[in-house]
Every structure is written in structure tokens, then in C-alpha cells.
1. Being under 28 Å from His34 (Cα atoms), assigned by TED's automatic domain parsing to the domain that holds Ser67, surrounded by 15 or more Cβ atoms within 10 Å (Cβ to Cβ) and touching a Lys or Arg at 6+ places or on another chain (Cβ under 9 Å) is the requirement here; does Val186 meet it?
2. Answer yes if at least one residue in the stretch 71-78 is in a strand (DSSP E or B), at pLDDT 95 or above and aliphatic (A, V, I, L, M), and no otherwise.
3. Check whether at least one residue in the stretch 128-145 is within 18 Å of Thr45 (Cα to Cα), touching a residue at least 24 places away in the same chain (Cβ under 8 Å) and assigned to a strand (DSSP E or B), and report yes or no.
4. Do you know which residues across the stretch 86-97 are at pLDDT below 95 and surrounded by 11 or more Cβ atoms within 10 Å (Cβ to Cβ)?
5. Evaluate the following for Leu164: is it in contact (Cβ under 8 Å) with a residue 12 or more places away in the chain, touching a strand residue (DSSP E or B) at 6+ places or on another chain (Cβ under 8 Å), within 26 Å of Leu122 (Cα to Cα) and surrounded by 12 or more Cβ atoms within 10 Å (Cβ to Cβ)?
6. Out of all the residues in the stretch 117-124, is one or more part of a strand (DSSP E or B), more than 21 Å from Val49 (Cα to Cα) and either within 20 Å of the chain's Cα centre (by Cα) or of a type in the set (Phe, Trp, Tyr) (or both)?
7. All but one of (1) assigned to a loop (DSSP other than H, G, I, E, B); (2) over 28 Å from Ser57 (Cα atoms); (3) free of Cβ contacts under 8 Å to residues at least 24 places away in the same chain hold for Arg96; which doesn't?
8. Residues Phe61, Phe35, Phe42, Phe65: which one is aromatic (Phe, Trp, Tyr) and either within 30 Å of Glu114 (Cα to Cα) or assigned by TED's automatic domain parsing to the domain that holds His127 (or both)?
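The values are calculated or read from the model by the stated rules, or taken from the named source; none is laboratory data. Remember, it's a predicted structure, so these values are computed and weren't measured experimentally. For neighbour counting, all protein chains shown are included, and Cβ atoms are generated from backbone atoms with ideal geometry for every residue, glycine included.
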Amino acid sequence: MTGGDLSATMLEHARRSAEAQAVQLDLVQLDMRHFDLNGRTFDTTIVAVNSVLHLHSLDDFKGFFQSVARHLSPKGRLVFDAFFPNVAMLSSDPDRRQLVGAIVHDTQGKIIVEETLRYEPLTQISHVDWYWSTSAKKDFWRTPLQVRNIFPQEMPLLIASGGLRLVDRFGDFDRSPLAAGSARQVCVCADQG
């Protein structure tokens, strides 16, 4: 199994997790927009957790899909998820916080995560800020994110720009059909050939 990330910190975290679970893992630092793994090919490439949405420009997407296409075996598949753009959310008040969720941390207890979102329609980029709070300290951490929104009719065109084709698409990981109320697009891609 091979894993890649631009962040050395994320790769180190993955290495420690793999060691703790006795999993053999080859980790590579790479930029998903353009990478070359010296001719290696894979039957399955998975890009999880909306990671493709950190690509912003058409050139970024084209480079990513071309790089993946070079590394897919003849019957290989790329599988990735991208949240389904919600027009109500994109047009919400950019100063109003929305609840993202809550987690329980080993030492800090319950942590609440809220977000604000400012959408730029010309670039289709959402500027998101996550605010992390405990009962003892409000906003102890802020995480800024910039994510691209990909609408359903646009997705196949972006995929094709890099030499792949969309062979299946679902509305969630349970393989439910893509519908207007879907939370995400789960895409399965193959070589155009």
C-alpha cells in the first residue's frame, strides 16, 4: 500500500499510525497536482475526505487527473469523494457560525467545531474558517480552509480534462444514487481508453 501527501507532518502521522497497527505502508511526499512515481501503477487509487476540493484551478484538476491516469493499471480505478454543493449554505451569511460537529478529546473533553463560510461565485471557492472551542476556552484554535465547489454537471468535464472518464457516481459511501439531497459525490473513474 502506498500513501501520498504534500504535508510532511501528515506523512509522519500516517507512518506512526501504520507502525502502531503493524501495517506495511510506503509513504511518498508529493503534490497531487503533478506527481510521478517512476512508472508504478495501481489497481485502485483512493483520494478521501474531500481532498480533491483543495485543488482550485482548472489546471490543478487537469494535472491531478493526468497524474492519476499515468499511475492506473489498465483496469485500474480512481475513487474519490467531494461534497455536494449546497446552494443554501453557499449563500448563507458569511459572519454567521454554523455547527460542524463535536468530538470528545482525551484531555480537553468535549470540543465544539463551528464554521463560517464566504463563497466566491466566480471562482467557486469557499473560504471557510473552523472555530474550535471547549467549555473552558472559546475559539482556542482556528483552521482556515479554501475549498473548491464542484457541481454535478461540471464533475465529468473536470475528470475528462485529465484523460479519465467517470464510470460511476454515488450520493454517499453506501452507493445510494446521486440525488438533489445527496451530501456528497462519490466518483469512480477509469482510463478513457
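1. yes
2. Yes, the stretch 71-78 contains at least one residue that is in a strand (DSSP E or B), at pLDDT 95 or above and aliphatic (A, V, I, L, M).
3. no
4. Result: Asn86, Met89, Leu90, Ser91, Ser92.
5. yes
6. Taking every residue of the stretch 117-124 in turn, at least one turns out to be part of a strand (DSSP E or B), more than 21 Å from Val49 (Cα to Cα) and either within 20 Å of the chain's Cα centre (by Cα) or of a type in the set (Phe, Trp, Tyr) (or both).
7. Only one criterion is unmet by Arg96, namely (2).
8. Residue meeting the stated conditions: Phe61.
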